[in-house]
Amino acid sequence: MPVAASAIYFLNLRGDVLINRLYRDDVGGNMVDAFRMHIMQTKELGTCPVRQIGGCSFFYMRISNVYIVIVVSSNANVACAFKFVVEAVSMFKSYFGGAFDEDAIRNNFVLIYELLD
């Protein structure tokens with residue numbers, strides 16, 4: 001049976017964490033380091049938006065200058081995860097006045113945390 005996301009990360013183009021939210025205890029806080037080392041540094045971001053690294057699956061999408069990464073440790077519905085990202089970004093844009101980029105995230109991080117809860 002599919003499960004929900006274990007964590008969601010918002011990263012800038014350098015791989016720095018802008019915001020993260022851990023929903024379950026089945027992944028460690030260092031999972032973003034695995035994403036940076038295995039995916040961002042190898043420059044293979046455009047080939048496939050779903051990767052398996054060390055028993056966890058990474059679903060990622062780039063919107064403007066932000067990568068949104070969803071981490072799951074077991075079976076998950078990929079289409080549902082990407083639909084969540086698209087709808088969340090649409091909601092963020094409506095709250096932020098149409099902009100969704102690194103500056104908008106930094107300026108509205110409290111609101112984003114509240115919406116992700």
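Brief remarks on what is shown
- Pairwise label distance in nanometres, Y95 with L116, each label 7 Å out on the Cα-Cβ vector: 1.1 nm
- In degrees, nearest ten, helix 78-96 long axis to first principal axis of the chain (Cα): 20 degrees
- Longest exposed-site-free window of the chain, the sites being trypsin sites (Lys or Arg not before Pro) in a DSSP loop that have at most 12 other C-beta atoms within 10 Å: 44-117
- Total formal charge among the other residues, if their Cβ is under 12 angstrom from that of I105, Lys/Arg +1 and Asp/Glu -1: -2
- Over the chain: helical MRE at 222 nm, DSSP H runs n ≥ 4 each giving -39500 (n - 2.57), nearest 500: -9500 deg cm²/dmol
- Taking amide H positions as modeled 1.01 Å from N, with prolines and chain starts lacking one, no residue 5 or more places away or on another chain lies under 5 Å from V66.
- For the range 7-116: accessible area per residue (Å², 1.4 Å): 53 Å²
- When the solvent-accessible area of the chain is split by element, carbon and sulfur atoms take up 53 percent of it, the probe being 1.4 Å.
- Computed on protein heavy atoms with a 1.4 Å probe, the accessible areas place E87, E114, E102 in the order E114, E87, E102, largest first.
- Here the alpha carbons of the chain define both size measures, Rg and Dmax, at 13.5, 39 Å.
The values are calculated or read from the model by the stated rules, or taken from the named source; none is laboratory data. Treat the numbers as computed from the prediction; the structure is a model and nothing was measured. We place every Cβ from the backbone using ideal geometry, glycine too, and count neighbours over all the protein chains shown. Just so you know, the surface numbers come from the protein's heavy atoms only, side chains and all, with ligands and any DNA or RNA stripped out. Shrake-Rupley method; radii C 1.70, N 1.55, O 1.52, S 1.80 Å.
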